[in-house]
Amino acid sequence: MGVRSVCCILLISLLKSSFAHNDFFTSIGHMTDLLYTEKDLVTSLKDYIKAEESKLEQVKQWAEKLDALTETATQDPEGFLGHPVNAFKLMKRLNTEWGEVEDLVLKDMSDGFISNLTIQRQYFPNDEDQTGAAKALLRLQDTYQLDTQIISSGDLPGVTTGLPFKSTMTTEDCFELGKIAYSEADYYHTELWMAQALKQLDEGEESSVETVTVLDYLSYSVYQQGELERALNHTKRLLSVDPEHQRALGNLKYFDYQLAKQKKAEKEQSVKEESKKEQEKTVGKGEYLPEKRKYEQLCRGQGVRMSPRRQRRLLCRYYNSNRHPFYIIGPVKQEDEWDRPRIIRYHDIISEKEMEKVKELAKPRLRRATISNPITGVLETAQYRISKSAWLAAYENPVVDCINQRIEDITGLDVKTAEELQVANYGVGGQYEPHFDFGRNDEPDAFKELGTGNRIATWLIYMSDVAAGGTTVFPEVGATVKPMKGTAIFWYNLFPSGEGDYRTRHAACPVLLGNKWVSNKWIHERGQEFRRPCGLKEAD
């Protein structure tokens, strides 16, 4: 290999490494590249198999030819070698041709495949990606209250019959998911997925995972949740399969002892205490729901708070943006999604071509969202936001400039002081937990460096349909907005007085099935003084 070739390979490697991204699981858009990588590796592997088959075919033909020759020759060795040509050819074969066969057998046909695999492996997902994808499945399971059997069978909500890419989980998959939960000390999910792995083994599925190993994890995870009797039963079953299992033998004695101790304590517990516990369970039931539970309910389509009377007031209309010349000729379709706070959806607001261009511009720049650690000041990935985002400036492409102008024309707000267009692509189970877009009173310096005031309004464009999940929800008011490709929703984060509207706290539900792309524009206060005048009251 020449110096020039080596330099080229090094240059390509450096270029590729500069474009390599971690946290694959946080963006479906970036994960699509991995499919093409895998396809390339499969092609390379098939080429290797063909080369090996060709080599073996040559060896096979040589063996068959020699088999027939030696069979004839050994019947009368002296007579066979009495022919001078046979004697010469024997010397030639043993001195030269068998050496060639040896070289052929020793020839390594895997060089091309191994080289390709070595190059590609540095861009493979890592342990963090696998753990992230596993946690995403567990998050989806909890948020949408999915049974392990539903996930394992691939029959997720939104999956249509006969879908070509429907996928099921093997016993190994279920076991691996349980192990990841176990490594995070999440014994609740460990139990669920070890139980599913055991179920599939009991149903006769062939697997490299042993029943004993699954039962070992299962009994311990159940024990960690305080279920001693069930832990004991799993341990007994384990010992029926492997009577010499040392850990199980020790656990059997320990669980028996702890269970006897627990039963004794239960007998001594007074009826008065039981009655007190029941009262504690019922007090305040249904009166207050933590935000996380409200958020998850809304994601499932439950807990939407909109009376029929209010719903009748939500209308659709053609909107000309206060007689804007462009929209008098072609008014936009406007739909009321919610009344308090007012959330408006605009239909057919962006073309397919524009959406594809925005994705094309954003994809190479997509990065995981980061936040500054309040103690160390170091930038860390935001665990509450499973997505990647990129920022697009108006001067970069006419499409971005056109979108910005459209937002200004429709909302009547000045976008010159707005932030750049942010494009986000969500990953496996991608979500954005409840948050405010505006800076609160306890964080007065939130947008100080911009010098444009607070975020007065949000414009959110849906650039893909989502088969299941991915809804935008407002937990404070019980509102839900489904992603609809080519539409945008708009709301004010601040009252006209400049005070924050806390009802606008919102979240992006985990994507259960599909690929979610959005872009948003955060519009700031500066420049809106005459476009949206101040109110006299705080709630104006």
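The values are calculated or read from the model by the stated rules, or taken from the named source; none is laboratory data. Everything quoted here is computed from the prediction, not taken from an experiment. FYI the Cβ positions are ideal-geometry reconstructions off the backbone, even for glycines, and counts take in every protein chain you see. All accessible areas refer to the heavy atoms of the entire protein, side chains included, with ligands and DNA or RNA removed. Shrake-Rupley method; radii C 1.70, N 1.55, O 1.52, S 1.80 Å.
Things worth noting here:
- Longest to shortest principal axis, alpha-carbon extents of the stretch 306-524, angstrom: 54, 40, 39
- Heavy atoms of residue 234 accessible to a 1.4 Å probe, total area in Å² rounded to 10: 40 Å²
- Residue-level accessible surface for residue 208, protein heavy atoms, 1.4 Å, Å²: 100 Å²
- Using the Cβ-Cβ distance between residue 260 and residue 160 with R0 set to 45 Å, the FRET efficiency works out to roughly 0.25.
- Spin-label pair residue 465/residue 383, simplified geometry with 7 Å Cα→Cβ offset, distance in nm: 3.6 nm
- Look at the alpha carbon pairs under 8 Å that are at least 6 residues apart: their mean separation over the length of the stretch 24-122 gives a relative contact order of 50 percent.
- Here the gap between residue 75 and residue 326, fully extended at 0.36 nm per residue and compared with their Cα-Cα distance, gives a gain of 80.3 nm.
- Under 13 Å, Cβ to Cβ, from residue 156 - net charge with Lys/Arg +1 and Asp/Glu -1: -1
- Annotation: peptides 331-337, 53-59, ranked by per-residue average of other Cβ atoms within 10 Å with the highest first, follow the order 331-337, 53-59.
- A viscosity of 0.692 mPa s and a temperature of 37 °C, combined with the Kirkwood radius over C-alpha pairs in the Stokes-Einstein formula, give the chain a diffusion coefficient of 112 µm²/s.
- Within straight-line reach of residue 199, meaning a Cα separation under 23 Å, sit the following lysines at least 8 residues removed in sequence or on another chain: 135, 166, 179, 236.
- Between residue 395 and residue 306, the simple label model (points 7 Å from Cα in the Cβ direction) yields a spacing of 4.2 nm.
- Partners for residue 65 among lysines (Cα-Cα distance below 23 Å; same-chain residues under 8 apart left out): 50, 55, 89, 92, 107
- Formal net charge of residues neighbouring residue 426 (Cβ-Cβ distance under 11 Å; K, R +1; D, E -1): +3
- When you restrict to C-alpha pairs under 8 Å that are six or more residues apart and normalise by the size of the chain, the relative contact order lands at 14 percent.
- Note, ³J(HN,Hα) from phi for the stretch 304-309, Karplus 6.51, -1.76, 1.60, rounded to Hz, x at Gly and Pro: 5, 9, 8, 6, x, 5
- Distance in nm between pseudo-label sites at residue 446 and residue 242 (7 Å out along the Cβ direction from Cα): 5.5 nm
- Straight-line cross-link reach from residue 359 at under 17 Å between alpha-carbon atoms covers these lysines, not counting any fewer than eight positions away in the same chain: 388, 485, 516, 521.
- Taking Cβ atoms as reference points and 12 Å as the exclusive limit, the residues near residue 94 contribute a net charge of 0, counting Lys and Arg as +1 and Asp and Glu as -1.
- Per-residue SASA entry for residue 489, accessible area with 1.4 Å probe, Å² rounded to 10: 0 Å²
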